[in-house]
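The values are calculated or read from the model by the stated rules, or taken from the named source; none is laboratory data. If you're wondering where the values come from, they're calculated on a predicted model, not measured in any experiment. Protein only, heavy atoms only, side chains kept; ligands, DNA and RNA dropped before computing areas. Shrake-Rupley method; radii C 1.70, N 1.55, O 1.52, S 1.80 Å.
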Amino acid sequence: MRKGVVVGGLAALLSGCELLPEHAMLGTEPEEPAEATACTAQPTFADEACLLHNWVAFGLASQRGDNAWRNQAMTEIESAAGRSEAERELARAVTLAWGSEREWREAATIYQEYTAAAPEELQPLLRYWRNELEGRRSLAGHRDNARGQLANLQRENAELSEKLEALTAIEQNMNLRQQSP
């Protein structure tokens, strides 16, 4: 019995190791980019050490930004020299994804078209953002459908109320006739 408990405890301990960061198991400090201060929120494919950091920071800035921020970001994206088309378009997609609902469709199309051209390490993040965007688009579609159904039901309710009032008036009229000798 005791041997089974020890084996079970060891198995549970080892299965949890995959959840720990590698540096925690090795007793070392996590590796940081060579120049941690060099990471910016500029979405670029050029800096491999800061690739994910830069794109995530840019995505968060886009999510938090207002229309003025988005307009400025779009201007900077379009005017940036030396960027590949995929890099520029994916930065536009991140910006558009947090814009108006009209811009969501364009962002989803850009994600679909250019994700494969991004560095392999960045592709899962871009796919996640596209899936999240598609989820928001789907919810917006459901909301619009529900609003349409609500408008139809309200119109139908108004028509039925009018008919009920007309029937009530007819019934009252018939009751008055029956009471009169």
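One table, with the values for the structure above:
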{"read-out": "Phi-based couplings in Hz for the stretch 97-106 (Karplus 6.51, -1.76, 1.60; Gly and Pro marked x)", "value": "4, 10, x, 6, 4, 5, 7, 4, 4, 4"}
{"read-out": "Relative contact order of the stretch 37-181, pairs being alpha-carbon contacts under 8 Å that are 6 or more residues apart, as %", "value": "15 percent"}
{"read-out": "Average accessible area per residue (Å²) across the stretch 31-112 - probe 1.4 Å, nucleic acids and ligands excluded", "value": "57 Å²"}
{"read-out": "Average silhouette area of the stretch 78-181, convex hull of alpha-carbon atoms, in square nanometres", "value": "9.4 nm²"}
{"read-out": "Gain upon complete extension [A146, A49; 0.36 nm per residue less C-alpha separation]", "value": "30.3 nm"}
{"read-out": "D47 long-range amide H proximity, modeled H, under 5 Å", "value": "none"}
{"read-out": "Rounded Å value of the spacing that divides the Cα centres of the stretch 108-181 and the stretch 46-60", "value": "39 Å"}
